[in-house]
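Some notes on the structure that comes next.
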Amino acid sequence: MFKKIFAACAALMMLTACGAKTENTPADAVTDADTAVQTEAAAETEAASETEAQTEAAAETEAQTEAQAAASDGAYSGNGYTLSVDSAKWINGNELMGEVAAVADEFDAGVSGEQLEDMCDAVFYYSDGNGGITPSNFNVVTQDLGVDMAMDPETFGPIMEQSFNEIEGYSCTGWEGKEINGNTALVVDIDATQMDVTMKMTQYMFIKGGKQIVVTFTAFPDVYDSVKPDFDAVVNSIVLN
């Protein structure tokens, strides 16, 4: 699964590197979505004997409620999550997935165009302010794990570091655990060179309710630092259903 995610990121970046037909892409294509977030707090509250669970649920619900309110303007709801996306800065790339899929097939990115379209729940490109895109994007990949488990950064961090380092052209430059709106994320930073394209990547991995949600920011090195704060604003708004 993770290797397919890596390949997907590279193929998505190739669209910008190869100057695909994006000059006239509208910048207001962010999908309107229902921002209602389902939580388990109510069920946990009813279980009076589960005091610790109640406390954790209340804290998580409060964090999700605050984030949901912040996300109400420009919200994007996907498979198991809601994000707040500023349409003045990010162009919805879902409409471009056909072109991205063609790039994946043309450059033998390690994942077929059909697989890529199935995997990516969302992709947004950073606007150049004139209706076009810059060489930076973030995408969201979701997968049902088939088992309910928790994200433990101390366990998964070393595994992901080793996995990245074993892939030719990839180097994990660091990882950490982070709490975002009541949910734990593993944050991994990567330097990558694939298909003669050099990229910097930051990946947020969440697990909740048997579902894995991976949000990956990818940019060329010369624009990474300038665009990263706007990506941080997006990922810090995430609410998991």
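Of note:
- Looking only at segment 134-178, and only at residues there that are surrounded by fewer than 17 Cβ atoms within 10 Å (Cβ to Cβ) and small (Gly, Ala, Ser), the one that is nearest to Met205 (Cα to Cα): Gly177
- Residue identified as modelled with pLDDT of 90 or more and more than 18 Å from Val187 (Cα to Cα) among Ala122, Ala102, Ala88, Ala109: Ala88
- Residue list for segment 184-227, filter: touching a Phe, Trp or Tyr at 6+ places or on another chain (Cβ under 7 Å) and more than 21 Å from Glu161 (Cα to Cα): Met195, Val227
- Among the candidates Val239, Val235, Val215, Val227, residue that is touching a strand residue (DSSP E or B) at 6+ places or on another chain (Cβ under 6 Å) and more than 14 Å from Asn137 (Cβ to Cβ): Val239
- Some residue of segment 225-239 being part of a strand (DSSP E or B), touching a helix residue (DSSP H, G or I) at 6+ places or on another chain (Cβ under 7 Å), surrounded by 21 or more Cβ atoms within 10 Å (Cβ to Cβ) and not basic (Lys, Arg): yes
- Listed by first and then second residue, the pairs linking a residue in segment 85-101 that is farther than 18 Å from Gly74 by Cα to a residue that is at pLDDT 85 or above and surrounded by 17 or more Cβ atoms within 10 Å (Cβ to Cβ), with Cβ atoms under 8 Å apart and 6 or more places separating them unless they lie on different chains, are Leu96/Val123; Leu96/Tyr125; Met97/Val123; Val100/Val123.
- Any hit, segment 170-181, residues being closer than 20 Å to Ser136 by Cα and within 17 Å of the chain's Cα centre (by Cα): no
- Within segment 190-212, being hydrophobic (A, V, I, L, M, F, W, C) and under 22 Å from Tyr224 (Cα atoms) holds for Ile190, Ala192, Met195, Val197, Met199, Met201, Met205.
The values are calculated or read from the model by the stated rules, or taken from the named source; none is laboratory data. What you see is a predicted model, and the numbers here were worked out from it, not measured in a lab. In this analysis, Cβ positions are derived from the backbone assuming ideal geometry, glycine residues included, and neighbour counts consider all displayed protein chains.
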